[in-house]
Amino acid sequence: MSNNNQFTRRSLLKTAGGIALVSGISAPAILRAQTADVIKIGHLTPRTGFLGPLGEYAAMAADLAVEEINAAGGMMGRKVELLKEDSVNPQTASTKAERMIERDKVACIIGEISSASCLTIAQVASRTKTLFINTGGNSDALRGKDCQRYMFHVESQNSMYVKTVGRSFLRDGLVKGKKWYSLTADYAFGHDLLKVSKRFMEANGGNFAGDDLVPTDATDFSAYLLKIREAKPDLVVINLAGNQVTNFLKQYAEFGLTFPVGGFGFDTALAWAAGKGNFVGTWPVVWHHLLETPGSKAFVTAFTNKYKKPPENQAWGDYVAVKIVAKTINDLKSVESPKIIEHFEKGAKFDVLKTREGYFRASDHQMMHEMYAVTALPADKIKNQWDIFASSPAVPAANEDLEIIAATKEENSCTFPS
Amino acid sequence: MSTMLLAQQILNGLLDGVYYLLIALGLSLIFSLGGIVNLAHGAFYAIGAYLTLVLSPYLGFGGSFVVAPVVVALMGVVIERTLFRRFYRSDPILSLLMTFGLAMVAEQALRMIFGAPPLSYSIPTWLRGQVAIGSFIYSFYRVVLLGIAITCIAALWLLLQKTSFGRVVRAGVQNPDMVGALGISLQPYMSTVAALGIGMAGLAGVLLAPIYSIHPAMGQEIITPAFVVVVIGGLGSFWGVVAAALLVGLVKGVMVGIGYSAASTAAIYLLMLLVLLFRPRGLFGERITRFE
């Protein structure tokens with residue numbers, strides 16, 4: 001018994017000594033590795049599926065931004081490490097967001113394109129009180145009934161897209177007393193966009209000759225094209241997403257239809273894929289590679305040098321979001337999400353590579369910034385595979401308030417859950 | 001909706017179904033003879049489309065139309081000789097897993113070589129324009145496409161029905177052991193069937209490249225409806241698969257035509273469910289002893 005006791009005491013001492021030794025030497029080293037040396041940022045975006053092509057640009061741009069930030073001294077003197085993953089679908093997106101926050105201790109999450117996945121990531125972000133910056137989900141609901149204190153939006157909301165390109169349609173006399181035929185992607189983004197475009201149409205005295213919901217996996221549009229031909233609309237409105245847009249444009253040209261085409265959602269990569277002669281119509285964009293501002297030119301040059309092709313609009317979103325986070329963390333000398341959010345809500349201004357600076361609107365966390373409408377060039381005016389459209393001046397114009405194109409409180413109201 | 005438009009939608013739906021056939025017939029043939037559920041079939045379709053893109057600057061669309069399916073068919077032979085061969089006698093679930101993996105490897109390889117963004121490719125100038133069939137105006141390219149598809153399907157049917165090659169293949173589907181006992185090795189037949197089936201998937205890739213978006217995951221988009229066609233049509237039945245393809249195209253087209261486009265994809269699965277409930281072997285499925 002006594003021997004046993006002695007043995008136990010000795011081993012206890014040894015263990016205690018061991019623990020003291022280990023914690024004295026190694027623990028600070030572990031701490032340094034976790035927090036002192038690197039700041040981790042989580043990047044989630046669809047890399048496969050019908051939004052995958054856009055996600056690829058998002059990932060390339062985020063990499064470029066981090067590279068530039070690290071070359072300029074990182075965040076608070078620490079190196080930035082980007083953890084990138086394919087968000088796949090809303091369920092997987094939320095699981096991966098949780099893992100990045102809880103296991104990898106990321107400072108914030110940036111990315112996403114699918115509005116449905118934005119929603120599930122935002123729920124994780126709110127629960128864990130971690131900042132999430134949405135760079136590609138458009139639906140108004142994310143800034144309205146589903147808004148979250150921890151979610152901010154660099155990507156424009158559907159209302160901004162509709163009101164931006166709506167100005168071009170109004171100018172060209174395609175709204176008042178006219179009939180539209182719309183094709184809408186059958187998921188959260190499309191439904192939301194259809195609602196906003198109907199609101200615009202009603203407010204401006206036009207109506208719909210037809211509107212069809214299109215399953216996201218649809219590749220053949222011939223049945224829809226026959227209906228459009230029969231309906232003879234004044235404008236064909238495309239509220240589709242991802243590869244759907246490319247498929248539609250190629251087949252619209254194939255069937256030789258000539259009704260004016262316009263869209264309320266757009267991504268440059270899809271127009272590039274449709275190609276010269278197939279790409280037609282007027283579309284809204286959040287940014288494009290032909291902007292003449294110094295910031296945009298530098299970004300386009302850096303991106304083109306690194307990847308041998310120009311960036312598309314999704315690349316802008318992720319690039320700018322990473323840069324905004326870096327600037328904020330460096331200014332505040334803090335990686336705490338609540339502090340960053342407070343800073344954003346106070347109306348901090350950021351360089352978003354456009355003529356005017358942008359800021360997050362406190363009421364719904366939407367970035368207020370300039371947008372553009374692009375119109376396809378006729379085939380004989382196209383010089384290369386990238387520069388296939390001409391751009392409108394910035395919308396809103398220089399003398400207008402940036403908020404003029406955003407949804408009003410009446411149109412889309414947000415009450416952050418406490 | 002006018003009866004005229006409905007007639008157009010019915011016709012267009014039937015034409016749409018023909019594209020699935022090029023994929024579905026190969027799928028059905030490879031399964032009937034080798035018992036391999038080839039989930040990688042869509043990947044060969046994608047490879048066909050990408051090859052068109054790569055070869056066109058040198059050979060034109062016409063040249064790619066000849067060369068690309070042959071290259072894809074040769075890939076099919078290699079895959080058959082190295083991978084399929086090992087699974088002919090095993091549980092179909094194993095070959096299903098193998099081809100599922102193969103499909104993912106192929107898709108990722110395309111993504112690594114060509115990038116994830118879709119690439120552009122247009123209908124060659126000489127195949128553009130519209131044709132009027134009575135008052136039904138239709139894309140000239142699709143009429144050509146239909147002609148090519150029907151020629152292929154007819155040639156395949158003649159090959160299977162009227163040649164000694166076809167007789168051995170049909171016998172092999174029913175009773176491979178008996179074919180073996182008669183001193184005929186099925187091995188070269190398996191390779192040829194894989195080459196034919198996979199080559200047709202490649203051909204579909206060439207034909208659809210000018211009108212569909214070309215991206216690494218395009219194979220996934222076509223494999224599911226093609227599978228539904230095979231299941232509805234019934235294994236081992238050439239005409240069953242043909243009828244099912246037309247039916248699937250028709251159902252999809254009419255659903256869009258009558259204003260239920262949102263349910264157009266769901267409708268083909270519902271159709272499959274109904275067929276399986278009442279005819280578990282598919283519409284014209286034959287009784288194949290070893291699969292019962």
All but one of (1) more than 20 Å from the chain's Cα centre (by Cα); (2) in contact (Cβ under 8 Å) with a residue 12 or more places away in the chain; (3) within 30 Å of A:E56 (Cα to Cα) hold for B:A262, so report the exception by its number.
-> (2)
Can you find a residue in the range A:229-243 that is modelled with pLDDT under 95, within 8 Å of another protein chain (Cβ to nearest Cβ) and buried (at least 24 other Cβ atoms within 10 Å of the Cβ)?
-> yes
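Residue-wise test of (1) assigned to a helix (DSSP H, G or I); (2) more than 13 Å from every other protein chain (Cβ to nearest Cβ).
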{"residue": "B:I93", "(1), (2)": "yes, yes"}
{"residue": "B:A103", "(1), (2)": "yes, no"}
{"residue": "B:L110", "(1), (2)": "yes, no"}
{"residue": "B:P117", "(1), (2)": "no, no"}
{"residue": "B:W126", "(1), (2)": "yes, yes"}
{"residue": "B:V131", "(1), (2)": "no, no"}
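Which one of B:V179, B:V169, B:V173, B:V193 is of a type outside the set (D, E, K, R), at pLDDT below 90, surrounded by 16 or more Cβ atoms within 10 Å (Cβ to Cβ) and part of a helix (DSSP H, G or I)?
On the way: B:V179 fails: at pLDDT below 90; B:V169 fails: at pLDDT below 90; B:V193 fails: at pLDDT below 90.
One residue alone meets the criteria, B:V173.
Here is a check on your reading of the model: is B:G253 within 14 Å of chain A (Cβ to nearest Cβ), under 20 Å from A:D217 (Cβ atoms) and in contact with an Asp or Glu (Cβ under 9 Å, 6 or more places away or on another chain)? Before the answer, list the steps.
Values: within 14 Å of chain A (Cβ to nearest Cβ): yes; under 20 Å from A:D217 (Cβ atoms): yes; in contact with an Asp or Glu (Cβ under 9 Å, 6 or more places away or on another chain): yes.
Spelling it out, B:G253 is indeed within 14 Å of chain A (Cβ to nearest Cβ), under 20 Å from A:D217 (Cβ atoms) and in contact with an Asp or Glu (Cβ under 9 Å, 6 or more places away or on another chain).
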Residue count, the range B:133-147, condition under 21 Å from the mean Cα position of the chain (by Cα) and facing chain A (nearest Cβ under 9 Å), comes to 2
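Tell me yes or no: at least one residue of the range B:93-108 is buried (at least 16 other Cβ atoms within 10 Å of the Cβ) and more than 21 Å from the chain's Cα centre (by Cα). Walk me through it before giving the result.
Within the range B:93-108, the first condition is being buried (at least 16 other Cβ atoms within 10 Å of the Cβ), and the residues that meet it are B:95, B:98-99, B:102-103, B:106-107.
Of the ones still in play, those that are also more than 21 Å from the chain's Cα centre (by Cα) are none.
No - not one qualifying residue is present in the range B:93-108.
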Give the residue that is farthest from A:E357 (Cα to Cα), with candidates limited to residues of the range A:322-335 that are in contact with a helix residue (DSSP H, G or I) (Cβ under 8 Å, 6 or more places away or on another chain) and among the aliphatic types (A, V, I, L, M).
-> A:V335
Residue satisfying all of: in the range B:1-40; of a type in the set (V, I, T) and buried (at least 24 other Cβ atoms within 10 Å of the Cβ); nearest to the other protein chains (Cβ to nearest Cβ) among these = B:I23
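Consider the range A:394-418. How many of its residues are assigned to a loop (DSSP other than H, G, I, E, B) and either within 22 Å of the chain's Cα centre (by Cα) or farther than 30 Å from A:E292 by Cβ (or both)? It would help to see each step written out before you state the result.
Here is the first cut: in the range A:394-418, the ones assigned to a loop (DSSP other than H, G, I, E, B) are A:394, A:396-401, A:406-418.
After this cut, where a residue has to be either within 22 Å of the chain's Cα centre (by Cα) or farther than 30 Å from A:E292 by Cβ (or both) as well, the list is A:394, A:396, A:406-418.
Residues that pass the stated criteria total 15.
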Search the range A:334-348 for residues that are more than 16 Å from A:V106 (Cβ to Cβ) and pair each with any residue that is hydroxyl-bearing (S, T, Y) when their beta-carbon atoms are under 6 Å apart and the residues are at least 6 apart or on different chains.
-> A:H343/A:T328; A:G347/A:Y359
Taking the range A:97-119 only, how many residues are surrounded by fewer than 21 Cβ atoms within 10 Å (Cβ to Cβ) and either of a type outside the set (G, A, S) or more than 19 Å from the chain's Cα centre (by Cα) (or both)?
-> 6
Near pairs, Cβ below 9 angstrom, 6+ apart or cross-chain, from the range A:84-111 (of a type in the set (S, T, Y)) to any residue that is surrounded by fewer than 18 Cβ atoms within 10 Å (Cβ to Cβ) and assigned to a strand (DSSP E or B) | A:T92/A:D86
Check whether at least one residue in the range B:58-68 is of a type in the set (S, T, Y) and either over 22 Å from B:Q220 (Cβ atoms) or in contact with a Phe, Trp or Tyr (Cβ under 8 Å, 6 or more places away or on another chain) (or both), and report yes or no.
-> yes
Residues satisfying the stated conditions in the range A:72-114, i.e. under 21 Å from A:I341 (Cβ atoms), part of a helix (DSSP H, G or I), touching a Gly at 6+ places or on another chain (Cβ under 9 Å) and not β-branched (V, I, T) | A:A97, A:M100
Since A:I382 meets every condition but one in (1) without any contact (Cβ under 8 Å) to a residue 24 or more places away in the chain; (2) among the β-branched types (V, I, T); (3) more than 30 Å from A:P417 (Cα to Cα); (4) crowded, with 17+ Cβ neighbours inside 10 Å, which condition does it not meet?
-> (1)
Assess whether A:A274 counts as being more than 9 Å from chain B (Cβ to nearest Cβ) and more than 20 Å from A:R171 (Cβ to Cβ).
-> no
Only residues that are away from chain B (no Cβ under 14 Å) and within 24 Å of A:E230 (Cβ to Cβ): list them for the range A:173-192, please.
-> A:G173, A:L174, A:V175, A:K176, A:G177, A:K178, A:K179, A:W180
Note on the range A:363-385: residues within 14 Å of chain B (Cβ to nearest Cβ) and modelled with pLDDT of 95 or more are A:A376
Flagged in the range A:48-62 as touching a Ser or Thr at 6+ places or on another chain (Cβ under 9 Å) and either basic (K, R) or not in a helix (DSSP H, G or I) (or both), in numbering order, are A:G49, A:F50, A:L51
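Every residue in the range A:153-172 that is among the hydrophobic types (A, V, I, L, M, F, W, C) and either within 14 Å of chain B (Cβ to nearest Cβ) or part of a helix (DSSP H, G or I) (or both), please.
Listed by number, the residues that qualify are A:M160, A:V162, A:V165, A:F169, A:L170.
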Could you check A:T246 against (1) in contact with a Phe, Trp or Tyr (Cβ under 7 Å, 6 or more places away or on another chain); (2) within 9 Å of another protein chain (Cβ to nearest Cβ) and say which number it fails?
-> (1)
Scan the range B:181-198 and give yes if some residue there is touching a residue at least 40 places away in the same chain (Cβ under 8 Å), over 25 Å from A:R229 (Cβ atoms) and within 14 Å of chain A (Cβ to nearest Cβ), otherwise no.
-> no
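So which of B:A226, B:A266, B:A244, B:A201 is surrounded by 24 or more Cβ atoms within 10 Å (Cβ to Cβ), of a type in the set (A, V, I, L, M) and within 14 Å of chain A (Cβ to nearest Cβ)? Full working, then the answer.
Numbers: B:A266 fails: surrounded by 24 or more Cβ atoms within 10 Å (Cβ to Cβ); B:A244 fails: within 14 Å of chain A (Cβ to nearest Cβ); B:A201 fails: within 14 Å of chain A (Cβ to nearest Cβ).
Exactly one of B:A226, B:A266, B:A244, B:A201 is surrounded by 24 or more Cβ atoms within 10 Å (Cβ to Cβ), of a type in the set (A, V, I, L, M) and within 14 Å of chain A (Cβ to nearest Cβ), namely B:A226.
Anything in the range A:195-206 that is among the aliphatic types (A, V, I, L, M) and under 15 Å from A:P284 (Cβ atoms)? List them, or say none. Working first, answer last.
If we filter the range A:195-206 for residues that are among the aliphatic types (A, V, I, L, M), which is where we start, we get A:196, A:201, A:203.
The one that is among the aliphatic types (A, V, I, L, M) and under 15 Å from A:P284 (Cβ atoms): A:V196.
The values are calculated or read from the model by the stated rules, or taken from the named source; none is laboratory data. Everything numeric here is computed off the predicted structure, so don't read it as measured data. All Cβ positions, glycine included, derive from the backbone under ideal geometry; neighbour counts span all protein chains shown.
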